[in-house]
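Here's the structure we're looking at; comments come further down.
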Amino acid sequence: MSEEAFDELMVSTDSALIVVTTAAENEQAGCLVGFHSQSSMSPEQYSFWLSKANHTYQASLRAAYFAIHFLTADDLAMAQRFGARSGEDTDKFRGLEVHTTGQGVPLLSALPNRLVVERIAMLDDGGDHVGITARVISSETAGSFTPLRLSHVGDLSPGHDNAERAIHP
């Protein structure tokens, strides 16, 4: 297999970015995510993949509900906040206006294009990310927007490298 060809194909897709937030046992967590997609039309489902190196992954093991915040082209600062810092070292939510759902999920007021979802399945196939498939509970939008894409944050250094997996399969 050609890793260079695979990398070139993936870069060419220029994925839109999201911020996933959750809470477990009164601990809020959130991270920048590039792997995500609608995964069913009926019922409405959404899937996303969390890096095992992230603090959010640890929280996801104990969480049932998540918020999927879709980033616009104007949300680079939020991508940097949730993508370049580790939740183990800093409170990513400090200084932000946050509302909490009835299920305890933190909603970022600055990111109004979002879904609230309930986990129905988690897949760990041994890779460096874990897939979560979730049922859509609610959705909100401020209208059409241009998404923030991977190519817009190419120089972003992640809070953790994928080699720093929290749990090895």
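The values are calculated or read from the model by the stated rules, or taken from the named source; none is laboratory data. Computed from a predicted structure; not experimentally measured. Every residue, glycine among them, receives a Cβ derived from its backbone with ideal geometry; neighbour counts consider all protein chains shown.
Quickly run through the stretch 94-103 and pick out the residues that are surrounded by 15 or more Cβ atoms within 10 Å (Cβ to Cβ) and over 11 Å from Phe66 (Cβ atoms).
Residues satisfying the conditions are Leu96, Val98.
If we keep just the residues of the stretch 36-55 that are at pLDDT below 95 and either farther than 18 Å from Arg81 by Cα or of a type in the set (Ser, Thr, Tyr) (or both), which is surrounded by the fewest Cβ atoms within 10 Å (Cβ to Cβ)?
Going through the stretch 36-55, the residues at pLDDT below 95 turn out to be 51-55.
Applying the additional criterion that residues be either farther than 18 Å from Arg81 by Cα or of a type in the set (Ser, Thr, Tyr) (or both) yields 51-52.
Details: Ser51: 25, Lys52: 21.
Across the stretch 36-55, the extreme among qualifying residues is Lys52.
Got a number for residues in the stretch 104-135 being more than 14 Å from Ser60 (Cβ to Cβ) and either among the acidic types (Asp, Glu) or surrounded by fewer than 20 Cβ atoms within 10 Å (Cβ to Cβ) (or both)? Can you show your working first?
Quick first cut of the stretch 104-135, residues more than 14 Å from Ser60 (Cβ to Cβ) only: 107-116, 125-128, 135.
Narrowing further to those that are either among the acidic types (Asp, Glu) or surrounded by fewer than 20 Cβ atoms within 10 Å (Cβ to Cβ) (or both): 107, 109-110, 112-113, 125-128, 135.
Selection size over the stretch 104-135: 10.
Could you list all residues from the stretch 1-45 that are touching a strand residue (DSSP E or B) at 6+ places or on another chain (Cβ under 7 Å) and aliphatic (A, V, I, L, M)?
Here is the first cut: in the stretch 1-45, the ones touching a strand residue (DSSP E or B) at 6+ places or on another chain (Cβ under 7 Å) are 14-23, 28-33, 35-39, 43-45.
Within the stretch 1-45, Ala16, Leu17, Ile18, Val19, Val20, Ala23, Ala29, Leu32, Val33 qualify.
Out of all the residues in the stretch 44-73, which are of a type outside the set (A, V, I, L, M) and either touching a His at 6+ places or on another chain (Cβ under 9 Å) or without any contact (Cβ under 8 Å) to a residue 60 or more places away in the chain (or both)?
The initial filter retains those residues of the stretch 44-73 that are of a type outside the set (A, V, I, L, M), namely 44-49, 51-52, 54-58, 60, 62, 65-66, 69-70, 72.
If the condition is that a residue be of a type outside the set (A, V, I, L, M) and either touching a His at 6+ places or on another chain (Cβ under 9 Å) or without any contact (Cβ under 8 Å) to a residue 60 or more places away in the chain (or both), then Tyr46, Ser47, Phe48, Trp49, Ser51, Lys52, Asn54, His55, Thr56, Tyr57, Arg62, His69 are the ones that fit.
Name, by its number, the condition in (1) over 15 Å from His129 (Cα atoms); (2) assigned to a strand (DSSP E or B) that does not hold for Val20.
The number of the failed condition is (1).
Please find, within the stretch 1-17, the residue that is farthest from Gly34 (Cα to Cα) out of those that are outside any loop (DSSP other than H, G, I, E, B) and hydrophobic (A, V, I, L, M, F, W, C).
Narrowing the stretch 1-17 to residues outside any loop (DSSP other than H, G, I, E, B): 3-13, 16.
Retained after the next criterion (residues that are hydrophobic (A, V, I, L, M, F, W, C)): 5-6, 9-11, 16.
On the way: Ala5: 19, Phe6: 16, Leu9: 15, Met10: 11, Val11: 11, Ala16: 7 Å.
In this case the residue turns out to be Ala5.
In this structure, does Gln58 turn out to be touching a Phe, Trp or Tyr at 6+ places or on another chain (Cβ under 8 Å) and either in a strand (DSSP E or B) or under 16 Å from Asp128 (Cβ atoms) (or both)?
Considered against the rule, which asks whether it is touching a Phe, Trp or Tyr at 6+ places or on another chain (Cβ under 8 Å) and either in a strand (DSSP E or B) or under 16 Å from Asp128 (Cβ atoms) (or both), Gln58 comes out as no.
Please indicate, with yes or no, whether at least one residue in the stretch 13-32 is surrounded by fewer than 23 Cβ atoms within 10 Å (Cβ to Cβ), closer than 19 Å to Asp125 by Cα and touching a residue at least 12 places away in the same chain (Cβ under 8 Å).
We begin by selecting, within the stretch 13-32, every residue surrounded by fewer than 23 Cβ atoms within 10 Å (Cβ to Cβ); these are 13-16, 23-28.
If we keep only those that are closer than 19 Å to Asp125 by Cα as well, we get none.
The answer is no; no qualifying residue exists.
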